[in-house]
Amino acid sequence: MSETMNQWVAAEVAGDGSGPAEQAAQTVSTQTPLHHVNFAELSHHRTQRLTGESARVVLKEMPLQGLLCLRGDPDQISLADAVSSVTGLSLPQPLQSDERDARCLRWMAPDEWWLSCGIAEAFELESRLREALSGHYAIVNISAGFTTLLLAGEASRSVLMKSTGYDVHPRNFPPGKVVRTLFGKTGVALRCLDDARYEIIVRRSFADYLWLWLQAASQEYGLRVEA
Amino acid sequence: MVMDDGVTACLSDNHFLMSTTTGGAAHVLSWLELYHQTEWPELDVYFTSVTDHWATLSIAGPNSRELLASVCDDIDLSADAFGFMDWRSGHVAGAPARVFRISFTGELSFEIQVPAHYAMGVWQALFAEGERFDLTPYGTETMHVLRAEKGFIIVGQDTDGSVTPRDLGMDWCVADSKPFSFIGKRGMQRADCVRPGRKQLVGIRCTDPATVIPEGSQAVRDPQEPIPMTMVGHVTSSYYSAFLGHSIALALIKGGHDAEGETLYFPQADGRMLAGTITSPVFVDPEGARNR
């Protein structure tokens, strides 16, 4: 099934670039939600050179990635089969995630999963999922509505403890676990990557607020930004 | 009662894109989920917020079609091919886009919707091409004036939760011809909702064209009435219209739809007594010619 909206982002599929529209799109500028921070320049700022080595918190805004919101009935065997055949990932159990290469599937709610992937393959993955799925489901591209931050460093868990009421101790929040929770005064999707690395997905319109919050919360530990 | 207003587009047989009044998306989503879970759980439907995913750039004015054509070569923008309240899919300044021909300004207007990470690039491309049209950005204050000149309401400003579509003169958007019932159908037929004397949306022309009647001003029919005066409504939106060269206002006035031409008085706290005439709420281009 190819509905009108599926002609989206055809130009974003790397390697096509045949038609004029596709070529034009490959030169269209894009901005992440925290583009205005200019992490690349900030990471070279003199204060970063002074404090960077001793900083116990590291922050990076990840490049734009594809993000698809998948809704469906987890009890349907066909759903899990379709997802795994197209993405190579298993439909995770509650609060879990499955990751391979540049793709990650996160359980968000009893009938909701978020699939992240390289931005160039979001359209193709969505199309192939639509071909493989049937019945009552929904796939919505929400890529531009969120940004993904990587919070790392030996004090990164301390920053989390200051920011959220969720128990982020490793016995409750091991690698692979993903929760949606209150962080400061905004909601985020928080995933543990390992003992001192966390992924924070936040809405575009709250990204700057979160950036300000993380600066304040990290100050006592020293913050180094990477680009 | 009117709680929100917005545009819904049909994307395919089972796919709709809903927009709401500013800041209203979460509220409307909550109601959709509530009704789905409590009233119609048998309906197979999912709701997904895409508020942050889409950036919408609106271009308005007599040159908007020509400007858009300079950055969009895969959509036929002509009036015959692209009617009012239609949408098309294509590319604007190279970015994948949906273009909606809708207008909150009353001008010929196109709303260009792109995934938000493209927004600044498209904005810059529009301004590069727009220089020869004297393209200028406009903000919410200007937008408020433009929409008020056309009698377009803002939910929460011209409504307060006690106003029906009929009170607003918006019966046209209530589809009585639907083969099934809908939320509000019975409610709008309640005796209290159809009685005469309900507050109804009207325009107000201040007798002094240079005076902007303060929003919230209470209206009375008899300026000599001893206190407590009988209040018959209030001013909901009020601006100076540079385009018209005089002030304009929208107001909810009891029995207003049948009182065009009547003079009302608006006593002020500082002792002034302002006066205004009830008019149509559409001050500019009532034929809608500018939107073609």
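Any read-out appearing in this document is the output of simple, stated calculations on the displayed coordinates, not a laboratory observation. All values derive from a computational prediction rather than experimental measurement. All Cβ positions, glycine included, derive from the backbone under ideal geometry; neighbour counts span all protein chains shown.
Per-structure values
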item	result
Size-normalised alpha-carbon gyration radius of region B:191-292, reference 2.2 N^0.38 Å	1.11
Shielding by partners - mean other protein chain Cβ count within 10 Å, residues of B:211-223	0
Column: log10 I(q)/I(0), Debye, Cα scatterers of region A:29-176, q = 0.12, 0.13, 0.14, 0.20 Å⁻¹	-0.63, -0.72, -0.81, -1.25
Dimensionless Rg/Rh of region B:41-181 - Kirkwood Rh, Rg from C-alpha atoms	1.02
Loop sites in region A:78-176: trypsin sites (Lys or Arg not before Pro), DSSP, at most 16 other Cβ within 10 Å	A:Arg171
Kirkwood-based shape ratio for chain B, expressed as Rg/Rh from alpha carbons	1.01
Quotient of Cα Rg and 2.2 N^0.38 Å for region B:105-154, N being how many residues it contains	1.34
Dipole of region B:105-166, positive direction: furthest Cα of B:Ala116, B:Pro137, B:Thr159, with charges on the beta-carbon	B:Thr159
Average beta-carbon neighbours from other chains, 10 Å sphere, peptide A:31-38	2
Those lysines that a straight Cα-Cα span of less than 21 Å connects to A:Lys185, excepting residues fewer than 8 apart in one chain	A:Lys60, A:Lys162
Theoretical FRET efficiency, 1/(1+(r/R0)^6), r = Cβ-Cβ of B:Ala210 and B:Arg292, R0 30 Å, to 0.05	0.40
Region B:170-214 and region A:144-204: distance between their alpha carbon centers, rounded to Å	48
B:Asp76-B:Leu11 FRET efficiency (beta carbon distance; Förster radius 25 Å; 0.05 resolution)	0.85
Loop-resident sites, region B:228-269, for chymotrypsin sites (Phe, Trp or Tyr not before Pro), counting at most 16 other Cβ within 10 Å (DSSP)	B:Phe243
Separation of the B:Gln189 and B:Phe127 label points, Cα + 7 Å toward Cβ, nm	5.4
Among A:Cys192, A:Ser90, A:Ile142 the positive-end extreme of the charge dipole of chain A (Cβ point charges)	A:Cys192
Coil-residue chymotrypsin sites (Phe, Trp or Tyr not before Pro) of region B:64-106, DSSP, other Cβ within 10 Å capped at 14	B:Phe84
Gained length - B:Glu141 relative to B:Met85, 0.36 nm times residue gap less alpha-carbon distance	17.7 nm
Counting DSSP beta bridges with both ends in the protein assembly as shown, the antiparallel % (nearest 5)	95
Computed helical MRE - 222 nm, chain A, DSSP H runs ≥ 4 contributing -39500 (n - 2.57), nearest 500	-7500 deg cm²/dmol
Under 28 Å from B:Lys185, Cα to Cα: lysines that are on another chain or at least 8 residues apart	B:Lys150, B:Lys199, B:Lys254
Which of B:Tyr240, B:Ala251, B:Phe104, positive extreme of dipole for region B:104-256 (C-beta unit charges)	B:Ala251
Distance in nm between pseudo-label sites at A:Arg46 and A:Asp195 (7 Å out along the Cβ direction from Cα)	3.8
Residue-span extension gain [B:Ser280 to B:Leu29] - 0.36 nm each, minus C-alpha spacing	87.0 nm
The protein assembly as shown: translational diffusion in µm²/s, Stokes-Einstein, Kirkwood Rh over Cα pairs, 25 °C, 0.890 mPa s	93
Between region A:59-110 and region B:259-292, the alpha-carbon center distance in angstrom	57
